[in-house]
Amino acid sequence: MSSTPSDPHGPDVAHGTPPVCPRHPGRAAYVRCSACGTPACLDCQRPGVGGATVCPDCAARAQDGKPDGGGLPQTTTTAPASAAPRPASPRGGLRASARAMPVTWTLLVLTVAAYAGQWASRGSRTGVTETLWYAGAYTSPLGLEPWRMLTYAVVHDVSGPTHLALNMLALWVIGRVLEPVLGWWRFLALYLLSAVGGAVAALWLADPLQPVVGASGAVYGLFSALFLVTRFRGGQVGSIAVLIGLNLVISVLLPGISWQVHVGGLLTGAAVGAVYTAAGGPPGHGVAVRGDRPGGRASAGVHAAGLALLAAVLTALTLSGAERLGMSALMG
């Protein structure tokens with residue numbers, strides 16, 4: 001969770017190991033085929049009858065008119081061959097994972113390295129934590145250090161490892177699902193804009209003199225995008241919605257947690273997810289975000305334009321929020 005530096009709490013995420021997609025062994029699969037029960041990642045989900053989700057095998061059987069196609073009519077449309085997921089080799093290990101999700105790995109390494117620096121410099125007024133954390137006062141008449149609206153997401157509470165561990169667990173769980181689908185630059189834009197959105201919410205809604213730290217503004221944005229992309233592709237989103245709702249309740253009820261950052265990241269991630277799905281293909285055929293998919297090259301321009309518009313909105317909100325923080329407000 002994004003929190004004050006003295007808060008030991010981190011983001012609540014589901015415990016346990018998620019099911020793994022048999023076609024893509026490196027990806028978590030939170031949805032199962034309604035016909036055969038096989039776990040299916042985002043790339044492998046196909047629309048069935050009445051909003052059900054089926055795997056590619058059952059969708060193909062239904063198209064061929066075979067009786068074990070999960071009750072799908074023979075007119076069910078499956079993804080074109082160019083968009084069909086390619087079975088991933090179960091071998092590859094760390095190197096294959098790094099190729100599939102380079103941004104997730106980079107963020108994990110960078111954040112853990114920053115935490116080590118926090119420990120090494122703790123107790124200092126100019127330590128890593130104090131240099132990178134964010135408060136509204138850093139975008140106000142008292143000072144202008146807007147880069148902190150990103151860097152606060154790299155540092156965490158040093159009173160214990162829970163804050164860092166839970167945020168990084170959430171990043172890993174969601175990143176291994178979303179990044180291979182969106183591609184590295186869209187995933188990175190989602191993460192960074194969500195972090196900035198959390199800071200903007202803190203600027204407007206929180207005490208401008210209270211610093212916040214933590215990656216959960218960005219993580220909440222990932223949850224929002226996962227919800228929208230999964231729903232757009234015909235997947236089941238009930239468990240994701242429950243998880244988001246529970247975490248929001250915990251954010252409000254527990255002391256020392258910046259619920260403002262969580263809400264800001266959640267809303268910004270939803271906006272980014274809406275941009276990505278707006279230029280995508282039909283449900284079940286995958287969001288057309290990669291150049292090697294139908295419409296992928298065209299949608300890239302739409303996505304870039306949408307992201308630029310969102311960045312402009314966040315910039316405008318930051319400038320107006322900074323102008324609102326006069327000296328009288330900062331001095332109490």
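Just so you know, all these numbers are worked out from the coordinates, no wet-lab data involved. All figures in this text were calculated on a predicted structure; none of them were measured in a lab. Note that each Cβ is placed from the backbone with ideal geometry, even for glycine, and that neighbours are counted across all protein chains shown.
Let me have the relative contact order for the stretch 172-273, percent, based on Cα pairs under 8 Å that are six or more residues apart.
Values: 133 pairs, mean separation 43.4, N = 102.
Taking the mean separation of contacting Cα pairs over the length of the stretch 172-273, I get 43 percent.
Whole-Hz Karplus values for the stretch 147-158 come out as 4, 5, 5, 9, 5, 4, 6, 8, 9, 9, 5, 8 Hz, taken residue by residue from phi with 6.51 cos²θ - 1.76 cosθ + 1.60 and θ = phi - 60°; glycine and proline positions read x. Would you mind counting up the charge near V54? Only other residues with Cβ under 10 Å from its Cβ, with Lys and Arg at +1 and Asp and Glu at -1. Local charge sum for V54: +2.
Above 14 Å, the calculated P(r) of the stretch 203-284 contains 65 percent of its Cα-Cα pairs. A convex hull fitted to the Cα coordinates of the stretch 117-182 yields 108 cubic angstrom per residue. Take the Kirkwood radius over Cα pairs of the stretch 101-330, plug it into Stokes-Einstein at 37 °C and 0.692 mPa s, and you get 182 µm²/s for translational diffusion.
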